[in-house]
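Here is the structure we will look at.
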Amino acid sequence: MAKLIVANWKMNPGTFREAKTIASSISKFAKHKKNVEVVVCPPFIWLADLLHESPHGVRWGAQNVFWEDKGAFTGEVSPAMIKDSGAEYVIIGHSERRHSLGETDVMINKKIIAALRAGLRVILCVGEPTSVRKKGLAVAKRYVMSQLHKDLHGLKKILHSRLIIAYEPIWAIGTGKADKPEDTIEMTRFIKSLLLTTYHLPHSSVLYGGSVNGKNAQSFLRHKDIDGALVGGASLKAGEFKKIIKIAEENG
Ligand code: PGA
């Protein structure tokens, strides 16, 4: 199955000029790649312009979304607006939004429902903090299961292949300390079986995120149970990100 490689630029880079340079380099490279799907999620302010400049090669996504279609919600962006811009994906529930911006599972649940209804592909981020992982992988699994139950509450009827899960242990994000691939495999298998038994989703995609780079990408992407990667820091360095795309292509 083709691997999915998602660039999460977060609140980077500093200028539109830099954003254009990175985006065009990535999209030119990705254009002729088969067997891999590349998604770039830049800050909202540049999403439509970047998409317009590089409509081919990569697909485009947002890093967040609100749950209403329109109205008096200062600073928010609706699923319909993202869809209308031409973007196809949205990241929901990133740990930075959960922990630094107070996003709750109830809010995340509403966002997922609204985004799926609007026809977007949702990349739902889940993952445990260090304090949980210290107690072992079994405890981390229970933590992730509880997140999934809350975030996907009431969604049984509308869940389908447009839902992608990104397993991102919080302690691995931006730290240079990636998870052990064997632990990631155990977690991705666990998430897939949970989605199958609880939500009757037979072919769900589960990505890994957390300090993925050109050096360690192979150790994750070579496994069939890891369907791709959500990449932060390394996605802002075009050369490094291209290495990850190439590895994904070879392992797809
Ligand atoms: P990182 O970020 O690759 O810089 O660890 C991943 C993410 O936050 O999605």
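A compact table of results
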quantity	calculated
Options 22, 5; residue that is surrounded by 17 or more Cβ atoms within 10 Å (Cβ to Cβ) and either under 18 Å from the mean Cα position of the chain (by Cα) or closer than 22 Å to residue 112 by Cβ (or both)	5
Residue 102 vs. criteria open to solvent by less than 50 Å² (accessible area, probe 1.4 Å), small (Gly, Ala, Ser), at pLDDT 95 or above and within 16 Å of the ligand (Cβ to nearest atom)	no
Cross-chain or 6+ apart pairs with Cβ under 9 Å, the range 19-40 first and under 25 Å from residue 227 (Cβ atoms) and among the charged types (D, E, K, R), then assigned to a helix (DSSP H, G or I) and modelled with pLDDT of 95 or more	33/245; 33/246; 33/248; 33/249; 34/249; 37/30; 37/248
Qualifying residue in the range 8-30 (condition: within 17 Å of residue 213 (Cβ to Cβ), within 16 Å of the ligand (Cβ to nearest atom), part of a loop (DSSP other than H, G, I, E, B) and touching a Cys at 6+ places or on another chain (Cβ under 7 Å))	yes
Of all residues in the range 143-171 being at pLDDT 95 or above and of a type in the set (Val, Ile, Thr), the one that is most open to solvent (accessible area, probe 1.4 Å)	170
Any chance residue 214 is modelled with pLDDT of 95 or more and at positive phi	no
Scope the range 202-228; condition in contact with a strand residue (DSSP E or B) (Cβ under 7 Å, 6 or more places away or on another chain) and more than 8 Å from the ligand (Cβ to nearest atom); matching residues	204, 205, 206, 207, 208, 217, 220, 221, 226, 227, 228
Residue in the range 134-144 that is within 16 Å of the ligand (Cβ to nearest atom), free of Cβ contacts under 8 Å to residues at least 40 places away in the same chain and over 19 Å from residue 5 (Cα atoms) present	no
Residues of the range 14-39 satisfying the condition of being modelled with pLDDT of 95 or more, more than 15 Å from residue 239 (Cα to Cα) and not charged (D, E, K, R)	14, 15, 16, 36, 39
Selection from the range 159-183 of residues that are free of Cβ contacts under 8 Å to residues at least 60 places away in the same chain, within 14 Å of residue 204 (Cα to Cα) and of a type outside the set (Ser, Thr, Tyr)	159, 160, 162, 163, 165
Residues that are free of Cβ contacts under 8 Å to residues at least 60 places away in the same chain, closer than 23 Å to residue 148 by Cα and surrounded by fewer than 19 Cβ atoms within 10 Å (Cβ to Cβ), drawn from the range 68-99	68, 88, 97
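Quick grid of which residues meet (1) more than 19 Å from residue 123 (Cα to Cα); (2) touching a Phe, Trp or Tyr at 6+ places or on another chain (Cβ under 6 Å):
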| position | (1), (2) |
| --- | --- |
| 1 | no, no |
| 10 | no, no |
| 19 | yes, yes |
| 27 | yes, no |
| 33 | yes, no |
| 49 | yes, no |
| 81 | no, no |
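The values are calculated or read from the model by the stated rules, or taken from the named source; none is laboratory data. From a predicted model like this one, the values you see are computed outputs, not experimental measurements. Here Cβ is always computed from backbone atoms with ideal geometry, including for glycine, and neighbour counts include all displayed protein chains. What goes into the accessible areas is simple: the full protein's heavy atoms, side chains included, and nothing from ligands, DNA or RNA. Shrake-Rupley method; radii C 1.70, N 1.55, O 1.52, S 1.80 Å.
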